[in-house]
Each structure stands twice: as C-alpha cells, then as structure tokens.
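Chemist: Got a structure here, written out as structure tokens. Questions coming.
The values are calculated or read from the model by the stated rules, or taken from the named source; none is laboratory data. On a predicted model such as this, the values are computed, not experimentally measured, just so you know. Neighbour counts are summed over all protein chains in view; Cβ atoms, including those assigned to glycine, are modelled from backbone coordinates with ideal geometry.
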Amino acid sequence: MKKLLIILVILPGLLMAGSGPANLIAEADSAYNKGLFNEAAARYEKVIETGWESPALYYNLGNTYFKLNDLPSAILYYEKARVLAPRDKDIQFNLAIANSMIIDKIEAVPEIFYVKWWKQLKNSFNLHTWTIAGIVLFSLLVIVAGIFFLSVRVSLRKISFWSGIVLLLLAAASFSITYSKYRVEANQLEAIVFHPTITVKSSPGQAGKDLFVIHEGTKVYILDEHNDWCNIRIANGSAGWLPAGSIKRI
Amino acid sequence: MMIFMVIQWVSADEIEFTASARNQVSLGDRFQLTYTVNAKGGDFSGPEIADFRTLSGPNMSTSESYQVINGRMSQSVTVNYIYYLQAFKEGTFEIPPASVSIGGTTYQSNALRIEVLKGNLPERSVPKTPPGQGQAGQTEAGTSGDDAGEDVFLRALISKKDPYIGEEVIVTYKIYTANIPISNINIENLASFPGFWSTSLTDDKKQITTETEMINGREYSSGVLYRTALFPQKAGEITIQPKKLTCTAQVRVQGTQKSRNPFFDSFFDDPFFSSQYRNVRLEMESEAITLKVKPLPVDTKPAGFSGAVGRFSIQGSVDQRVLSVNDAITLKLVISGNGNLELINTPEINWPPDFETYEPKISKNIRTTPAGISGSRTYEYLAIPRSAGEFTIDPVEFSYFDPGTNRYHVLSTKAFTFTVEKGEQDIAGYTYGTMNQEGIRYLGQDIRYIKTGAHTLSLKNHYLFGSGLFFLLLALPPALLLFFAFMILRARKRRLNKALVRNRKATRVARKNLKKSREFLKEQKPEAFYAEISRALWGYLSDKFNIPLSDLSMESVNIRLTAKGVNPEIIERFTGVLDKCEFARFAPGDSTSLMNDIYNDSISIISQIEGALRS
C-alpha cells in the first residue's frame, strides 16, 4: 500500500521531468496552437492510452475535438475533465457551449430544494477530495469521542459530546457522497450518445417498441445492462433501452 | 470541296513531297495548286499542265519552325511551290506528278485529278483558313494555306491558346484583301463572347490602318477590324464562335476574265466596260477558336486570393496620422497592374471594432491598349472612430496569380498606425448622469483556450475509496485512541492510589508531628516548636486534599480549600491558627501559654476537619 502511495506521488513527477507523456502533451499543445487538430488529438489520446489522466488533459482533448467539429467526443472529454475537476470554470464554460450546439434540448426534471443542494454539494468536489474529507472527519470524530470519554471536566465533556454528534453527521454525509460518486465513476454509469440519431426502445432488443429518439452528444445515465443493451435515463426522467454500442461511457 | 493542306513536322530524314489542290472547280475559276516538300534546297521540276491555264507559278515560299519538346529541339521546314491555275474547259483532268531532287535523290509527288464543272459553284464566301490557324497565334510562321486564292478573308488571331482562368487573352479580327477596295464592313455580334468577360481594345473612332502582308507569296493589305481582351470565366474548353462579316467589295472586271454569270458576262464583256468595277456583297466567317482554359493551381492558393490574374502591385495609405474622435479617416488602397483589374474583389479592411465603417468608394483608371488592359483601381475606405486610443490596422494582403511564372504572389501593405485623440466635445460633455456608457460588445463566441503548462497526471481508474489504504486510514485513529485511553487511565489510577494512601496517613503524620512539637514545648524551644506545628498543619492539608505542598501558601489556601468544598468556618479557624503560629514565631515575651494555646488549637482543628470530612 505504501508502495502504491509512493508511485502515486512520485511517479507523475518523474514522468513529467522525463520524456513520455509530458513531451507528448507539449507537442499536442503546440499542434493545437498551429491548428493541426488531428495531430493534437492523436497525441493527447496516446497519453491517455498509456494510463494517465488529468483534468487539463481531458479538457484539452475536448477542445481539440470541438475544433474538429466532433461534438460527442468533445462533450465526452469535457465530462471526464469535469469529473476530475468539478469547479473548473473553463471546463464548465466549454461544456456549456458544446452542449448548446447539440440537437437534443432536454429540460431537467425540477427537484426539491434540498435534493438540489445535496447534488450541488456532491458536485462541488471530486471523488478523491470527498474520500479524504470523510477520512479526516472520521478521525476528528474519534478524537472528539476520546475527549468525551477520557475528560473529567463536565464542560469539556459537553462540548465534545455536541461536536461529536455534528462530526458524526458530517462524516456520514461525506461517506455517503463518496460511495455514491464512487459507484457512478467506477462503474461508469454516465455516458454520451455517439450515434447521430438513435431510437430508444422499450425493451432490450430491436423488437422493443420505439419510445423516443435522441441524438449524438446527449448525456444519459445507465440504470441497468442486459445483453449489450443498456437501460438508460435522460435528464428529463425518460428511460428506455439503447444498444450499448451507441454510447460511450464517461 | 475544300482541300486543306496539312502541315506536319517530320524528322529531317523523312522526305515527303505532296501535291494538293481542290478536286472540284467550276469553269473559269482560279485555283491554287501547291506542291509541298519538307526539305530545303530541292531542285523542283514542275509538271506539264496542258488542261489548265497557268496564271502564275511556280512561286516558291519557305517556312521554318523550331520546336523544343522534352528538351529535344526539332526543326521543320516546309517549302511550297505554288501555281495559280484557271480552268477553261469542262471535264476531268489529271495533273501529272511533279518531281523534286534533294541531295541527289529524286522524289515524285502524287498525281491529282481535278474535275471542272460547268456553271457556278456557290459564291466562295468561306475563307480558306487552315485548321491550325487559330492556334498558331499572331506569329504566322508555320501557317500557310491556299488563302492566296481568296481575295478577301477574315482571320481571328489569339494571343494564347491555353490561358488560365482569368488570364487575359487578346483576340484580333483582321481582314485581308488582295488590293480589292471594300466598304460597309459589318460584323455580327462583335462584342459577344459567351464564357468570357471582354473589354474592347479598339478605338471606334479611329480609322482602320492597313499594312501590307505577304501570305503565300501573295500581297495582301490587312487591317485590324476589332481587338478585344477576353478573360475566361471557367475552366475547360471554351469556343469562340465564328464571327460573320459582310462587306461590299469593288471587284474589278478584267477583260480577259470570264465571268461566272452569263448575264453579266454578255454585258460586261463589252470592251466598253472592260475595265469597270462592280460592287459585290461578300459574306465570310472567321474560324471558330477553341481555347483550353486551365484552372488555377489549388494547392498553393493563398488564403485571401480574390481571383486576380496578371501582374499587380498594391499601395496603401491613411490620410491622417492623428485625428480626434468622430473625425473621419480615409484609408486608400491602390491596386495597379496588368490583368483582370475589373474582376478583383474588394479587399477587406479589419477596422477596430469601435469604428463606424462605410462601403468603400471605388474608382478606376483603366487604359486599354492593343497590348492589353492596364491601369489601377482605387478603393477609399471611410471610417469614423468612436473612441480614443492608439490604433493599428493590420496590413492589407492582396494576392494574385502570375500566369507568366505560374505562381501566386502575395503582396501586403504596411500596417497603418494612427492616434485618435479625445475630441473637444468629449471634455465639455462630462455631465453626470448623461454619460454614454456602453455595454461590452461581443464579437464572437468560442470555446476557451486549452490549459498549457505542467499537468499533474495521475493513474487512471485508481480510487482511494475502498482501497486498503482507505481502510488503514480509517482504522488508525480508533487504534490510536484506544492506546492513549489505556495509557491515560492507567496513569490516572496510579495517581489516585498514591493520593489515597497519603489521605489515610495524613492524620497519623500530623499527630506524629504534633507529638514532636509537644516535646519542643516541654523543652521550651519555641523556634523548633513553631516550625514543627507549621509543618504538621501544611503537610496535613497537602496530604488530605491531594494538593502539592508547593501550591500552598497563605494566599492560596483559602481558595484551594473552598474549591475542595470545605466549610468556610473551618477554613477561617484553620487560617487563624496558621496566622497565630506565624505571628508568635517572631513575637518575643511570655510564650509558654501561647505555645500551649496553639498546640491545642492545632489538635482541635485537625479533629474538626477530620469530623467534617467524615460526615
């Protein structure tokens, strides 16, 4: 485990200094600058293929695909970038522009204020931050519990009791957020439609009844999978089945 | 009906000797018999011509042409021996072969059969222009034909057979007459050239100037009727349709000549009229010319290419370097040169966004000369700055294709820099509340730029949540807590035990100390007595209430005991004894009774505290 930590912390630094991804990224950046978008896209993709990721990398690749008029790919990479850096203004801006250019205009279902707040809170930090927040809050909770049980003074015990309850709630909240984010990200439950036009069916398989039509660039949430078909839900709450090949997972 | 002499160039070792003439003539017609050989220096011996009247001949004409194909130069020579014959009897006649000897070898030509028909052939209006003429260009070397048989004919000459789109091609219509006066020349559809943009290069008011030209040994006077510059508008083959010319010719009727018209013949054959002229209406057509128009090269085409083909230069200037807000500034561009000046698109100027701009004023100064079109086009762009500042207008680029070098050229003016100063009304117009504030004008929308600089890359699909490290980090704080709790509790227990022991022993120790002090009392040693009493009391307090000795003083004892919940009355008595003790230590005089008092007080106070704690 410690080895992994060392790899996580040190290896990127080493690689940035050497050749490999850093050079490829620099080449891709300059190709983008010159307007050679195909070349830039190929280089960024190569870095991702070698197993690395960063919000800036996904963002730059999204920009490159945007310039190549490949909107679904641009949106896919902007979404990937946003998963890693949810508060980055540039990513939000470009994703909004790309989303304004796709065919489908889907009105999101209105939500009750506390659900909206919860989601906003959830999407203000990335999974890693939430995981660390949970660990820190839990550690604080343990410390406060220790103070409560070991302290002799009544006032100290009172303070530690109430702060312990607050910390317990906070830690529980951050663990639940962490888990729900982890489930979506690790299982790649969000996806972008890549087929120019695709009909959503009522059951997996072509025999299903046609429900509605969506177009490339639309974001879907995957509820279930069955025989290369995905049960998806779009932002307005409509759900149905799509062939798995027509979407790409974020 | 017509015989065209075909010119071929052949290698020098292959000698061809051919005879050609029309194979049908009508009675009385004059026609041309041509022997062609493709080598010089031959010794020509003509045939015996008995069935035709020989008007003149043989006349020799030589033409040479050089060609360089794939770096190999070849030369072709054509020598013509021409007879002018007239048919004077009907029937079919044979002209025997002629022979020419070149370098000791004798070559024979073919024999010709010519049919002489009675009656008129239709008026020969179609000029005999060889098929190669249109392409041959204005240099007529290498062209020949039996035009010499014609008195009047029209020719179209072009300056270039394979121009680029938009390249200037000059077409000249020339009339040739063999000393026959003509008048009332009229060409139909003269200025119509479908597929081309055309500009006339001839001055209508000018008289046609004639010059003398020799064609195939015959003297002609030629005059340019019309000259036009054509600019092809599309690639591919474009045909310039033949132009039809009608004119009136004054034909001189010669006595010896047999007219074609028997009616006129009998009239004009009269010796009285023998050297008369008569007006004949002639109709003729020029050759159709097909141009192979090449498209402009695409791969090297500059970005802002506007279709200019030719050779150009550009100049630009602004009329003011310093001006005030709301004053007009004019940017002048002059494009001058040769080529399709009139077809150039108006160049775009990138004015700064705060400028009010207007459509440019375009004026032209174009000269048409026989050599083509040249001149200049002037664009005047007017703009009015609405805010002050230093402004720079990007250089204006102008690109054109030079067909001479087959390359695109990009010209550029210099950048235009000027200063706009705040106008007077701006300064005077500062009244609060009436300022003309403007919202920011957005000129376009684009995605934001990529993120440059060092990326902090991380491994893909690696999650801290659920990993071993995650659970380790979670388990660590409780483990530490348990450890610390154990340590703290153990230390606390130990300390508690120690205090208990001291508490239990406190009375005993105090009594022991008091006993000692009693002995000092008996021995009448007041100093030692007071020290012992003091120690006994302080030590008792310290042990009983688990307060370190160092924390106890006359000032703090009160607070300490109150905190421990001791009755204030007892505290007062206790401190009273301590005070007395301190006081008596340093007071001289009768001390025995005082020492006794203090001793008794001490014993009673300890018993009292003991009693209070127990209840």
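Chemist: Out of (1) more than 30 Å from A:Y179 (Cβ to Cβ); (2) more than 8 Å from every other protein chain (Cβ to nearest Cβ), the odd one out for B:Y449 is which?
Modeler: Every condition holds for B:Y449 apart from (2).
Chemist: While we're here: Please count how many residues of the stretch A:28-39 are more than 7 Å from chain B (Cβ to nearest Cβ) and crowded, with 18+ Cβ neighbours inside 10 Å.
Modeler: Residues meeting the conditions: 3.
Chemist: Tally the residues that are aliphatic (A, V, I, L, M), over 18 Å from the mean Cα position of the chain (by Cα) and either crowded, with 18+ Cβ neighbours inside 10 Å or farther than 26 Å from B:I373 by Cβ (or both), restricting the search to the stretch B:326-351.
Modeler: Counting residues in the stretch B:326-351 that are aliphatic (A, V, I, L, M), over 18 Å from the mean Cα position of the chain (by Cα) and either crowded, with 18+ Cβ neighbours inside 10 Å or farther than 26 Å from B:I373 by Cβ (or both) gives 6.
Residue-by-condition table, conditions (1) in contact with a strand residue (DSSP E or B) (Cβ under 6 Å, 6 or more places away or on another chain); (2) within 23 Å of B:A563 (Cβ to Cβ); (3) of a type outside the set (V, I, T):
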residue: B:R504; (1), (2), (3): no, yes, yes
residue: B:S517; (1), (2), (3): no, no, yes
residue: B:L521; (1), (2), (3): no, no, yes
residue: B:E527; (1), (2), (3): no, no, yes
residue: B:Y530; (1), (2), (3): no, no, yes
residue: B:I533; (1), (2), (3): no, no, no
residue: B:G539; (1), (2), (3): no, yes, yes
residue: B:S542; (1), (2), (3): no, yes, yes
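Chemist: For the stretch B:45-99, which positions are in contact with a Leu (Cβ under 8 Å, 6 or more places away or on another chain) and part of a loop (DSSP other than H, G, I, E, B)?
Modeler: B:I49, B:F88, B:K89, B:E90
Chemist: If you don't mind, there's one more thing I want to ask. Among the residues of the stretch B:360-379, what is the count of those that are in contact with a Ser or Thr (Cβ under 9 Å, 6 or more places away or on another chain) and either under 30 Å from B:Y442 (Cα atoms) or not polar (S, T, N, Q) (or both)?
Modeler: Residues that pass the stated criteria total 12.
Chemist: In the stretch B:349-365, how many residues are touching a residue at least 40 places away in the same chain (Cβ under 8 Å) and assigned to a strand (DSSP E or B)?
Modeler: Residues that pass the stated criteria total 0.
Chemist: I want to confirm something. Restricting to the stretch A:181-212 and keeping residues that are exposed (fewer than 14 other Cβ atoms within 10 Å of the Cβ) and within 12 Å of chain B (Cβ to nearest Cβ), which single residue is farthest from A:L76 (Cα to Cα)?
Modeler: Within the stretch A:181-212, the match that is farthest from A:L76 (Cα to Cα) is A:R183.
Chemist: Which is under 35 Å from the mean Cα position of the chain (by Cα) and either within 14 Å of another protein chain (Cβ to nearest Cβ) or modelled with pLDDT under 85 (or both), of B:E397, B:E438?
Modeler: B:E438
Chemist: May I ask you to list pairs of residues, at least six apart or on different chains, whose Cβ atoms are under 8 Å apart, with the first in the stretch B:456-482 being farther than 22 Å from A:V47 by Cβ and more than 7 Å from chain A (Cβ to nearest Cβ) and the second being of a type in the set (G, A, S) and in a helix (DSSP H, G or I)?
Modeler: The qualifying pairs are B:L476/A:S139.
Chemist: Could we say that A:I232 is crowded, with 16+ Cβ neighbours inside 10 Å and within 14 Å of chain B (Cβ to nearest Cβ) here?
Modeler: In short, no.
Chemist: All but one of (1) modelled with pLDDT of 90 or more; (2) surrounded by fewer than 13 Cβ atoms within 10 Å (Cβ to Cβ); (3) not hydrophobic (A, V, I, L, M, F, W, C) hold for A:Y221, so report the exception by its number.
Modeler: (2)
Chemist: Looking only at residues that are of a type in the set (D, E, K, R) and part of a helix (DSSP H, G or I) in the stretch A:129-165, which one is nearest to the other protein chains (Cβ to nearest Cβ)?
Modeler: A:R157
Chemist: From the list B:T346, B:T378, B:T405, exactly one residue is part of a strand (DSSP E or B) and at negative phi. Which is it?
Modeler: B:T378
Chemist: Of everything in the stretch A:49-70, what is within 12 Å of the chain's Cα centre (by Cα) and more than 9 Å from chain B (Cβ to nearest Cβ)? Give them in sequence order.
Modeler: Correct list: A:Y58 only.
Chemist: Looking only at the stretch A:178-195, count every residue that is of a type in the set (G, A, S) and assigned to a helix (DSSP H, G or I) and tell me the total.
Modeler: Residues meeting the conditions: 2.
Here's the yes/no breakdown for (1) surrounded by 13 or more Cβ atoms within 10 Å (Cβ to Cβ); (2) part of a helix (DSSP H, G or I); (3) more than 10 Å from chain B (Cβ to nearest Cβ):
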| residue | (1), (2), (3) |
| --- | --- |
| A:A41 | yes, yes, yes |
| A:V47 | yes, yes, no |
| A:P72 | yes, yes, yes |
| A:Y78 | yes, yes, no |
| A:R87 | no, no, yes |
| A:L95 | yes, yes, no |
| A:D104 | yes, no, yes |
| A:V115 | no, yes, yes |
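Chemist: Turning to a different aspect of this structure: Please specify each residue of the stretch B:195-249 satisfying the condition of being assigned to a strand (DSSP E or B) and acidic (D, E).
Modeler: B:E211, B:E213, B:E219, B:E237
Listed here are the residues, each with its yes/no results for (1) in contact (Cβ under 8 Å) with a residue 40 or more places away in the chain; (2) of a type in the set (V, I, T).
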| position | (1), (2) |
| --- | --- |
| A:L68 | no, no |
| A:P72 | yes, no |
| A:I75 | yes, yes |
| A:Q120 | no, no |
| A:G134 | yes, no |
| A:S139 | no, no |
| A:L156 | no, no |
